[in-house]
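Trainee: Could you have a look at this structure, given as C-alpha coordinates, before my questions?
The values are calculated or read from the model by the stated rules, or taken from the named source; none is laboratory data. Predicted, not measured: the structure shown is a model, and the values here were computed from it. Cβ placement follows ideal geometry from the backbone for every residue including glycine, while neighbour counts extend to all protein chains displayed. Each accessible area value is taken on the protein alone, full model and side chains, heavy atoms only, with ligands, DNA and RNA left out. Shrake-Rupley method; radii C 1.70, N 1.55, O 1.52, S 1.80 Å.
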Amino acid sequence: MNARILATSPLVGPALKELGAVIAPFRSAEWNAALPEVEALVVLLSEPLTESDLAKAPKLKAIATYSVGVNHLPLAACETRGIRILSTPGVLTDATADLALTLLLAVTRRVAEGERMVRSGRWTGWAPDQLLGTGLAGKVCGILGAGAIGKAFARRVWALGMQPIFWDREGTGGTVSFGVCESPRVPLPKLLESSAVLSLHCPLTHATRGLLGLKELERLPKGAILINTARGGIVDEPSALALLRAGHLGGVGLDVYEGEPKLHPAWLDAPRTVLLPHLGSATVETRAAMARLLRDGIAETLQIS
Ligand code: DGY
(Lines give C-alpha, C1' and ligand atoms only; values in the text may rest on other atoms or scores of the structure.)
Protein backbone atom coordinates (compact mmCIF):
# COMPACT_ATOMS: atom_id res chain seq x y z
CA MET A 1 0.00 0.00 0.00
CA ASN A 2 1.38 3.38 -0.99
CA ALA A 3 -0.14 6.05 1.25
CA ARG A 4 0.96 9.64 1.65
CA ILE A 5 -1.61 10.19 4.37
CA LEU A 6 -2.45 7.28 6.64
CA ALA A 7 -5.32 7.37 9.14
CA THR A 8 -6.27 4.71 11.65
CA SER A 9 -10.01 5.20 11.24
CA PRO A 10 -12.50 7.34 9.34
CA LEU A 11 -13.33 10.64 11.07
CA VAL A 12 -16.68 12.42 11.29
CA GLY A 13 -17.56 14.33 8.10
CA PRO A 14 -15.89 14.37 4.69
CA ALA A 15 -12.60 16.10 5.63
CA LEU A 16 -10.39 13.04 5.71
CA LYS A 17 -11.82 11.65 2.45
CA GLU A 18 -11.18 15.01 0.80
CA LEU A 19 -7.50 14.52 1.54
CA GLY A 20 -7.51 11.05 0.00
CA ALA A 21 -6.23 9.50 3.21
CA VAL A 22 -5.77 5.73 3.30
CA ILE A 23 -7.34 4.00 6.30
CA ALA A 24 -5.70 1.10 8.12
CA PRO A 25 -6.16 0.11 11.77
CA PHE A 26 -3.47 1.24 14.21
CA ARG A 27 -0.46 -1.11 14.17
CA SER A 28 -2.16 -3.49 11.72
CA ALA A 29 0.03 -5.20 9.12
CA GLU A 30 -1.20 -2.72 6.46
CA TRP A 31 -0.53 0.25 8.73
CA ASN A 32 3.00 -0.93 9.45
CA ALA A 33 3.59 -1.68 5.77
CA ALA A 34 2.54 1.85 4.79
CA LEU A 35 4.87 3.62 7.24
CA PRO A 36 7.99 3.82 5.02
CA GLU A 37 6.22 6.05 2.45
CA VAL A 38 3.86 7.94 4.71
CA GLU A 39 4.10 11.74 5.10
CA ALA A 40 1.22 12.36 7.50
CA LEU A 41 -0.30 10.09 10.12
CA VAL A 42 -3.76 10.58 11.61
CA VAL A 43 -4.29 8.90 14.98
CA LEU A 44 -6.79 8.86 17.82
CA LEU A 45 -6.13 9.75 21.46
CA SER A 46 -6.29 6.05 22.30
CA GLU A 47 -3.37 5.23 19.97
CA PRO A 48 -0.06 5.91 21.69
CA LEU A 49 2.58 6.38 19.01
CA THR A 50 6.14 5.57 19.99
CA GLU A 51 9.59 6.52 18.78
CA SER A 52 9.90 3.10 17.17
CA ASP A 53 6.78 3.81 15.08
CA LEU A 54 8.43 7.05 13.96
CA ALA A 55 11.65 5.25 13.12
CA LYS A 56 9.74 3.21 10.50
CA ALA A 57 8.42 6.40 8.87
CA PRO A 58 11.43 8.31 7.51
CA LYS A 59 9.30 10.59 5.29
CA LEU A 60 6.92 11.62 8.07
CA LYS A 61 6.24 15.37 8.19
CA ALA A 62 3.13 15.58 10.38
CA ILE A 63 1.21 13.66 13.02
CA ALA A 64 -2.40 14.71 13.34
CA THR A 65 -4.25 13.59 16.43
CA TYR A 66 -8.06 13.70 16.53
CA SER A 67 -7.93 15.28 20.00
CA VAL A 68 -6.71 18.36 21.74
CA GLY A 69 -4.60 16.23 24.10
CA VAL A 70 -1.19 15.20 22.80
CA ASN A 71 0.01 13.16 25.78
CA HIS A 72 -0.04 9.93 23.71
CA LEU A 73 2.52 11.22 21.20
CA PRO A 74 6.34 11.07 21.33
CA LEU A 75 6.69 14.84 21.49
CA ALA A 76 10.45 15.06 22.07
CA ALA A 77 11.22 12.71 19.16
CA CYS A 78 8.89 14.71 16.91
CA GLU A 79 10.63 17.91 17.86
CA THR A 80 14.04 16.42 17.15
CA ARG A 81 12.92 15.23 13.72
CA GLY A 82 10.96 18.38 12.93
CA ILE A 83 7.68 16.46 12.66
CA ARG A 84 4.73 18.82 13.02
CA ILE A 85 2.11 17.91 15.63
CA LEU A 86 -1.44 18.82 14.61
CA SER A 87 -4.17 18.66 17.23
CA THR A 88 -7.58 20.24 17.65
CA PRO A 89 -7.49 23.18 20.08
CA GLY A 90 -10.34 25.68 20.03
CA VAL A 91 -13.01 23.70 18.25
CA LEU A 92 -13.84 21.37 21.16
CA THR A 93 -13.78 23.97 23.93
CA ASP A 94 -17.54 24.38 24.31
CA ALA A 95 -18.35 20.69 23.86
CA THR A 96 -15.89 19.67 26.56
CA ALA A 97 -16.98 22.40 28.97
CA ASP A 98 -20.61 21.39 28.36
CA LEU A 99 -19.77 17.81 29.22
CA ALA A 100 -17.99 18.82 32.43
CA LEU A 101 -21.10 20.78 33.40
CA THR A 102 -23.28 17.79 32.50
CA LEU A 103 -21.21 15.62 34.86
CA LEU A 104 -21.33 18.23 37.62
CA LEU A 105 -25.11 18.51 37.45
CA ALA A 106 -25.55 14.75 37.04
CA VAL A 107 -23.49 14.10 40.18
CA THR A 108 -24.97 16.85 42.35
CA ARG A 109 -28.58 16.21 41.30
CA ARG A 110 -28.21 12.40 41.32
CA VAL A 111 -29.43 12.15 37.73
CA ALA A 112 -28.06 8.67 37.01
CA GLU A 113 -29.50 7.20 40.22
CA GLY A 114 -32.89 8.76 39.48
CA GLU A 115 -32.87 7.45 35.94
CA ARG A 116 -31.99 3.95 37.14
CA MET A 117 -34.77 4.12 39.73
CA VAL A 118 -37.40 5.02 37.13
CA ARG A 119 -36.26 2.46 34.54
CA SER A 120 -36.04 -0.37 37.05
CA GLY A 121 -39.61 0.19 38.21
CA ARG A 122 -38.38 0.99 41.75
CA TRP A 123 -39.97 4.47 41.73
CA THR A 124 -43.08 4.33 43.84
CA GLY A 125 -43.83 8.05 43.89
CA TRP A 126 -42.66 11.50 44.99
CA ALA A 127 -41.25 11.77 48.52
CA PRO A 128 -39.97 14.83 50.43
CA ASP A 129 -36.49 13.41 50.94
CA GLN A 130 -36.13 11.33 47.79
CA LEU A 131 -32.72 11.51 46.07
CA LEU A 132 -31.82 14.84 47.62
CA GLY A 133 -28.90 16.43 45.85
CA THR A 134 -26.62 19.36 46.52
CA GLY A 135 -27.10 22.96 45.36
CA LEU A 136 -24.31 24.84 43.61
CA ALA A 137 -25.20 28.56 43.78
CA GLY A 138 -22.91 30.56 46.05
CA LYS A 139 -20.26 27.82 46.26
CA VAL A 140 -16.64 28.00 45.13
CA CYS A 141 -15.64 26.07 42.02
CA GLY A 142 -11.92 25.34 41.76
CA ILE A 143 -10.76 25.06 38.17
CA LEU A 144 -7.45 23.36 37.54
CA GLY A 145 -6.14 24.80 34.29
CA ALA A 146 -6.90 28.30 33.00
CA GLY A 147 -6.84 27.47 29.30
CA ALA A 148 -9.76 27.80 26.91
CA ILE A 149 -11.72 24.84 28.34
CA GLY A 150 -11.18 25.90 31.96
CA LYS A 151 -12.43 29.39 31.12
CA ALA A 152 -15.43 28.04 29.20
CA PHE A 153 -16.29 25.89 32.22
CA ALA A 154 -15.91 28.96 34.47
CA ARG A 155 -18.47 30.83 32.36
CA ARG A 156 -20.91 27.96 32.81
CA VAL A 157 -20.57 27.61 36.58
CA TRP A 158 -20.58 31.42 36.98
CA ALA A 159 -23.98 31.38 35.25
CA LEU A 160 -25.15 28.93 37.95
CA GLY A 161 -24.13 31.44 40.64
CA MET A 162 -20.86 29.72 41.59
CA GLN A 163 -17.60 31.54 42.26
CA PRO A 164 -14.82 30.18 40.04
CA ILE A 165 -11.19 30.29 41.16
CA PHE A 166 -8.26 29.05 39.10
CA TRP A 167 -4.93 27.32 39.40
CA ASP A 168 -2.59 26.81 36.49
CA ARG A 169 1.05 26.28 35.70
CA GLU A 170 1.52 29.93 34.76
CA GLY A 171 2.06 30.71 38.44
CA THR A 172 -0.11 32.30 41.09
CA GLY A 173 -1.47 35.74 41.75
CA GLY A 174 -3.54 38.04 39.60
CA THR A 175 -6.79 37.12 38.02
CA VAL A 176 -8.01 35.06 35.09
CA SER A 177 -10.52 36.72 32.82
CA PHE A 178 -13.08 34.30 31.43
CA GLY A 179 -15.15 36.63 29.30
CA VAL A 180 -18.08 37.46 31.55
CA CYS A 181 -16.02 38.10 34.69
CA GLU A 182 -12.61 37.55 36.21
CA SER A 183 -11.53 35.36 39.13
CA PRO A 184 -8.41 34.95 41.23
CA ARG A 185 -5.56 32.64 40.26
CA VAL A 186 -4.45 31.01 43.51
CA PRO A 187 -1.82 28.53 44.72
CA LEU A 188 -2.85 24.87 44.52
CA PRO A 189 -3.25 24.32 48.31
CA LYS A 190 -5.57 27.34 48.53
CA LEU A 191 -7.58 26.19 45.53
CA LEU A 192 -8.01 22.74 47.07
CA GLU A 193 -8.95 24.04 50.53
CA SER A 194 -11.57 26.44 49.13
CA SER A 195 -13.32 24.34 46.49
CA ALA A 196 -16.76 22.78 46.97
CA VAL A 197 -16.31 21.59 43.38
CA LEU A 198 -12.97 20.80 41.74
CA SER A 199 -12.92 20.42 37.97
CA LEU A 200 -9.83 19.41 35.98
CA HIS A 201 -9.03 21.20 32.72
CA CYS A 202 -5.26 20.94 32.31
CA PRO A 203 -3.30 18.76 29.88
CA LEU A 204 -1.55 15.60 31.06
CA THR A 205 2.17 16.37 31.06
CA HIS A 206 5.19 15.41 33.17
CA ALA A 207 4.22 18.32 35.43
CA THR A 208 0.57 17.34 35.93
CA ARG A 209 0.84 13.53 36.07
CA GLY A 210 -0.20 12.48 39.58
CA LEU A 211 -0.78 16.13 40.56
CA LEU A 212 -3.73 15.15 42.77
CA GLY A 213 -2.71 12.37 45.16
CA LEU A 214 -4.18 11.48 48.54
CA LYS A 215 -2.48 14.41 50.31
CA GLU A 216 -3.88 16.92 47.81
CA LEU A 217 -7.40 15.43 47.65
CA GLU A 218 -7.58 15.40 51.45
CA ARG A 219 -7.24 19.17 51.40
CA LEU A 220 -10.63 19.48 49.72
CA PRO A 221 -13.48 20.38 52.09
CA LYS A 222 -15.61 17.44 53.23
CA GLY A 223 -18.30 16.75 50.66
CA ALA A 224 -16.40 18.28 47.73
CA ILE A 225 -17.26 17.10 44.21
CA LEU A 226 -14.48 16.05 41.81
CA ILE A 227 -15.04 16.32 38.05
CA ASN A 228 -12.47 15.07 35.53
CA THR A 229 -12.89 15.59 31.80
CA ALA A 230 -9.14 16.15 31.25
CA ARG A 231 -7.00 13.01 31.61
CA GLY A 232 -7.04 10.10 34.03
CA GLY A 233 -3.38 10.32 35.01
CA ILE A 234 -3.76 13.74 36.64
CA VAL A 235 -5.63 12.35 39.64
CA ASP A 236 -4.67 9.26 41.62
CA GLU A 237 -7.83 7.20 41.24
CA PRO A 238 -7.30 4.80 44.20
CA SER A 239 -6.95 7.86 46.47
CA ALA A 240 -10.11 9.44 45.04
CA LEU A 241 -11.95 6.14 45.53
CA ALA A 242 -10.79 5.82 49.13
CA LEU A 243 -11.88 9.38 49.94
CA LEU A 244 -15.22 8.84 48.21
CA ARG A 245 -15.94 5.67 50.20
CA ALA A 246 -14.88 7.43 53.41
CA GLY A 247 -17.40 10.19 52.64
CA HIS A 248 -14.73 12.87 52.34
CA LEU A 249 -15.54 13.35 48.67
CA GLY A 250 -19.24 14.03 48.17
CA GLY A 251 -19.29 12.77 44.59
CA VAL A 252 -17.18 12.12 41.52
CA GLY A 253 -17.92 12.62 37.82
CA LEU A 254 -15.46 11.09 35.37
CA ASP A 255 -15.16 11.13 31.60
CA VAL A 256 -11.52 9.98 31.54
CA TYR A 257 -9.56 7.25 33.34
CA GLU A 258 -5.98 6.18 33.83
CA GLY A 259 -5.51 3.24 31.44
CA GLU A 260 -8.88 3.74 29.70
CA PRO A 261 -10.92 2.04 28.36
CA LYS A 262 -10.07 -0.25 31.28
CA LEU A 263 -11.49 1.06 34.53
CA HIS A 264 -10.29 0.60 38.06
CA PRO A 265 -12.89 -2.05 39.01
CA ALA A 266 -13.84 -0.20 42.20
CA TRP A 267 -15.43 2.60 40.13
CA LEU A 268 -18.15 0.23 38.95
CA ASP A 269 -19.98 0.13 42.28
CA ALA A 270 -18.65 3.38 43.72
CA PRO A 271 -21.33 5.51 45.39
CA ARG A 272 -22.28 9.04 44.23
CA THR A 273 -20.39 8.59 40.99
CA VAL A 274 -21.24 9.25 37.35
CA LEU A 275 -19.02 7.57 34.76
CA LEU A 276 -18.93 8.46 31.06
CA PRO A 277 -16.90 6.91 28.21
CA HIS A 278 -14.64 9.86 27.22
CA LEU A 279 -17.37 11.90 25.51
CA GLY A 280 -15.83 15.36 25.98
CA SER A 281 -15.74 16.33 22.31
CA ALA A 282 -18.51 14.00 21.18
CA THR A 283 -20.90 16.20 19.25
CA VAL A 284 -21.42 15.94 15.49
CA GLU A 285 -20.48 19.59 14.99
CA THR A 286 -17.34 19.36 17.11
CA ARG A 287 -16.02 16.12 15.67
CA ALA A 288 -16.58 17.42 12.11
CA ALA A 289 -14.78 20.67 12.98
CA MET A 290 -11.90 18.69 14.51
CA ALA A 291 -11.55 16.71 11.27
CA ARG A 292 -11.55 19.91 9.18
CA LEU A 293 -8.85 21.43 11.36
CA LEU A 294 -6.63 18.37 10.88
CA ARG A 295 -7.37 18.32 7.12
CA ASP A 296 -6.29 21.95 6.81
CA GLY A 297 -3.13 21.40 8.86
CA ILE A 298 -2.13 18.35 6.82
CA ALA A 299 -2.88 20.09 3.51
CA GLU A 300 -0.72 23.04 4.58
CA THR A 301 2.16 20.84 5.78
CA LEU A 302 2.14 18.64 2.68
CA GLN A 303 1.36 21.58 0.39
CA ILE A 304 -1.77 19.98 -1.01
CA SER A 305 -4.06 22.57 -2.56
C1 DGY B 1 -9.30 15.54 23.71
O2 DGY B 1 -9.65 15.77 22.54
O3 DGY B 1 -8.13 15.45 24.04
C4 DGY B 1 -10.35 15.42 24.76
O5 DGY B 1 -9.98 14.49 25.70
C6 DGY B 1 -11.72 15.19 24.23
O7 DGY B 1 -12.58 14.85 25.25
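Trainee: Ignoring everything except DSSP H segments at least 4 long, calculate the 222 nm mean residue ellipticity for the chain; use -39,500 (n - 2.57) per segment, divide by total residues, nearest 500.
Mentor: Values: 11 runs with 99 residues, N = 305.
It comes out at -9000 deg cm²/dmol, rounded to the nearest 500.
Trainee: Mind listing the long-range amide H neighbours of residue 163? Cut-off is under 5 Å, sequence gap 5 or more, other chains count too, H placed in the peptide plane at 1.01 Å from N.
Mentor: Answer set, sorted by chain and number: 138, 139, 140, 141.
Trainee: Quick check: with the 1.4 Å probe, what order do 56, 17 take by accessible area, largest first? Please list the in-between numbers first.
Mentor: On the way: 56 95, 17 175 Å².
So the residues, ranked largest to smallest area, are 17, 56.
Trainee: Output wanted: per-residue J couplings in Hz (rounded whole) for the stretch 18-24, from phi through Karplus 6.51 cos²θ - 1.76 cosθ + 1.60, θ = phi - 60°, x for Gly and Pro.
Mentor: Going residue by residue, I get 4, 7, x, 5, 8, 10, 8 Hz, with x marking Gly and Pro.
Trainee: Can you give the log10 of the normalised intensity I(q)/I(0) at q = 0.09, 0.10, 0.13, 0.16 Å⁻¹, computed with Debye over equal Cα scatterers of the chain?
Mentor: -0.51, -0.62, -0.95, -1.24
Trainee: Continuing with the same structure: Taking amide H atoms as placed 1.01 Å from N in the peptide plane, list the residues 5 or more away in sequence, or in a different chain, whose amide H sits under 5 Å from that of residue 67.
Mentor: Long-range HN contacts for residue 67: 88.
Trainee: Once you have the Kirkwood Rh of the stretch 1-127 from its Cα pairs, apply Stokes-Einstein at 25 °C and 0.890 mPa s and quote D in µm²/s.
Mentor: Working: Rh = 17.2 Å.
Estimated diffusion coefficient is 143 µm²/s.
Trainee: Could you sort 209, 156 by accessible area so the largest value comes first, with the probe set to 1.4 Å? Walk me through the numbers before you get to the answer.
Mentor: Values: 209 130, 156 45 Å².
Largest accessible area first, the list is 209, 156.
Trainee: A further question follows. Can you pull the Rg over Rh of the stretch 207-305, Cα-only, Kirkwood?
Mentor: On the way: Rg = 17.7 Å, Rh = 15.4 Å.
Dividing the radius of gyration by the Kirkwood radius yields 1.15.
Trainee: Going highest first, how would you order 265-278, 114-127 by mean Cβ packing within 10 Å? Walk me through the numbers on the way to the answer.
Mentor: On the way: 265-278: 15.2, 114-127: 9.8.
Highest mean packing first, the order is 265-278, 114-127.
Trainee: Still on this model: Whole-Hz Karplus ³J(HN,Hα) for the stretch 192-204, in order, using 6.51 cos²θ - 1.76 cosθ + 1.60 and θ = phi - 60°, x for Gly and Pro?
Mentor: Once θ is set to phi - 60°, the couplings for the stretch 192-204 become 5, 5, 9, 9, 6, 10, 10, 10, 9, 9, 10, x, 8 Hz.
Trainee: Please give the net charge around residue 164, taking every other residue with its beta carbon less than 11 angstrom from that of residue 164, where Lys and Arg add +1 and Asp and Glu add -1. Numbers along the way, then the final one.
Mentor: Details: positive: 139, 151, 155, 156, 185; negative: 182.
The answer is +4.
Trainee: Can you give me the long-range amide H partners of residue 42? Hydrogens built in the peptide plane at 1.01 Å from N, cutoff under 5 Å, separation of 5 or more residues or another chain.
Mentor: Correct list: 6, 7, 8, 64.
Trainee: Here's a follow-up. With a length cut of 24 Å (Cα positions projected on each helix's long axis) and a Kyte-Doolittle mean of at least 1.0, go through the chain and give me the DSSP H helices that pass. Walk me through the numbers on the way to the answer.
Mentor: Values: long enough: 284-302 (27 Å, 0.18).
Span-like helices in the chain: none at all.
Trainee: Continuing with the same structure: Go through 17/151; 139/190; 61/151; 56/262 and tell me which ones have a Cα-Cα distance over 26 Å in this structure. Working shown, then result.
Mentor: On the way: 17/151 34 Å; 139/190 15 Å; 61/151 33 Å; 56/262 29 Å.
Over 26 Å apart, Cα to Cα: 17/151; 61/151; 56/262.
Trainee: Can you give the alpha-carbon Rg of the stretch 128-182 over 2.2 N^0.38 Å, where N counts its residues? Kindly include the intermediate steps, with their values, before the conclusion.
Mentor: Numbers: Rg = 13.3 Å, N = 55, 2.2 N^0.38 = 10.1 Å.
So the stretch 128-182 has a normalised radius of gyration of 1.32.
Trainee: How charged is the neighbourhood of residue 39? Take every other residue with its Cβ under 11 Å from the Cβ of residue 39, and add Lys/Arg as +1 and Asp/Glu as -1.
Mentor: Numbers: positive: 4, 59, 61, 84; negative: 37.
Around residue 39, the surrounding residues sum to +3.
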